[in-house]
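This report refers to the structure that appears directly beneath it.
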Amino acid sequence: MEIRDEIRRYMREHVLNEQVGIMLGWPLDDTTPLITGGLIDSIGMVDLIRFIERRFGFQFGPKEVDAHRLDTIEAITLLIQRKLDKGTVVASTI
């Protein structure tokens, strides 16, 4: 499964089920603002970071993630791909 597809699945299973607006038909695409649009709060952001770190087998440094870098599926996918391309992957915990 591609990175983008895994992030979409995570969002649908863990975030969107809790969001009435999305369930009523608002679209979720690769550029939908997740944090600045109010779909993910600070706790949701921490949960997303933990999912990414476990799933892709690396840890983010304190300055590597912020609301801007995690605001869309497109940005998240790019962030993960760059991290994987750097070869900073450690053993996955999943």
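A few comments on the model shown:
- Length gained on full extension, Arg4 to Asp41, computed as 0.36 nm times the residue gap minus the Cα-Cα distance: 11.3 nm.
- Under the criterion of Cα pairs below 8 Å and six or more residues apart, the relative contact order for the range 3-85 equals 41 percent.
- Computed from the Cβ-Cβ distance with R0 of 25 Å, the FRET efficiency linking Arg54 to Asp30 stands at 0.65.
Every number in this text was worked out from the coordinates using simple rules, so none of it is lab data. From a predicted model like this one, the values you see are computed outputs, not experimental measurements. Methodologically, a virtual Cβ is constructed for each residue, glycine included, from the backbone with ideal geometry; neighbour enumeration extends over all protein chains shown.
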